[in-house]
1. Of K2/K74; K74/K197; K2/K123; K191/K226, which pairs sit farther than 32 Å apart, going by alpha carbon to alpha carbon?
2. May I ask for the net charge around L83, where only other residues with Cβ less than 12 Å from the Cβ of L83 are counted and Lys, Arg are +1 while Asp, Glu are -1?
3. Less than 14 Å from a label point 7 Å out along the Cα-to-Cβ axis of M1: which backbone N atoms in region 74-91 qualify, by residue?
4. Work out from phi, with θ = phi - 60° and the Karplus expression 6.51 cos²θ - 1.76 cosθ + 1.60, the ³J(HN,Hα) of each residue of region 171-184, listed in order in whole Hz, and give x for Gly and Pro.
5. Mind checking which aspartates and glutamates have their Cα closer than 14 Å to the Cα of K181? Skip sequence neighbours fewer than 8 apart in that chain.
6. What is the fewest-to-most order of V66, V208, V55, V48 by other Cβ atoms lying within 10 Å of their Cβ?
7. State the extension gain, in nm to one decimal, for the chain segment bounded by K197 and N69, taking 0.36 nm per residue of separation less the distance between their alpha-carbons.
8. Name the long-range amide H neighbours of G98: under 5 Å, sequence gap of 5 or more, or other chain; modelled H, no Pro or chain starts.
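Values quoted throughout were computed directly from the atomic coordinates according to the rules given, and no laboratory measurement underlies them. These figures come from a predicted structure and were not determined experimentally. Here the Cβ positions follow ideal geometry from the backbone for every residue, glycine too, while neighbour counts run over all protein chains shown.
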Amino acid sequence: MKTLILGAGEGFRLDNFNKLLLLNPNTGNTILQDYVNTFKSENLIVGVGYRAISVVHQYPKLNYVVNNNWSETKSVETLRLCLDEINDMNEEVLILPGDVFITQDTLHQMCNDKGNVIYCTKKENNKIKRRGIILELENDSIKNMHIDYSMTNSIEAFGAFKFSSAAVIRDTLSKGGSDIKSLFVSELLCKDFNSDKPTTQSFIAKNVTNSICEIEVVEDYIRYVKRQ
């Protein structure tokens, strides 16, 4: 299994701090270090862009791809660059975001999950009005997926995905259209879900709300620290 870390974006709501280097108060590690501790380094591919040298300098032995157009593209472009580093299209792929604290138990469970999975979380007390990918679920089945503004108690994709093979990613990317570089991965999957021949019909959803903390603004980090 290959694990792709998509961390090329700018943390503009965090005083332009590279989110991969945020310290987890529970483990004392950065987000990236927690990933390194869970997965074998040779199976990690880290997508960087904004302030890439700050990450590469601290973790010089990891396998990197650089999205030099990070300011003009979204995570799908970083994913495409990472995919180019995978030789075996039959290999399982786990995609993880660069701005989320995930418990070690959940990371290990993600490793063991089979099939195609969209990991999601329930949004509560949202302070930021932003567009997200809203999932309507029946048990683990995805009944609907659409782009909307975050709402309290909405179930949303937060940027973690398991693919049964790299080939599934390749096929999904091929249906992205002319605007593909301007999409987040969750938006690509939403677009695919609502297409005539969707790949995402084979996906299930797993709610991991109690095992993750997404850091979008400074207040998120402060609340997370206080809970530990």
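1. Details: K2/K74 21 Å; K74/K197 24 Å; K2/K123 29 Å; K191/K226 38 Å.
Pairs exceeding 32 Å: K191/K226.
2. Numbers: positive: K2, R80, R170; negative: E77, D84, E85, D88, E91, D171.
Within the 12 Å Cβ shell, the charges total -3.
3. Hits in region 74-91 for M1 at 14 Å: 91.
4. Ordered by residue, 3J(HN,Hα) equals 5, 5, 4, 5, 9, x, x, 5, 9, 4, 5, 9, 9, 7 Hz.
5. Correct list for K181: E72, E77.
6. On the way: V66 16, V208 19, V55 24, V48 27.
Ordered by Cβ neighbours within 10 Å, fewest first: V66, V208, V55, V48.
7. On the way: separation 128, 0.36 × 128 = 46.08 nm, distance 3.04 nm.
Taking K197 through N69 to full extension adds about 43.0 nm, to one decimal.
8. Distant-sequence amide H within range of G98: L6.
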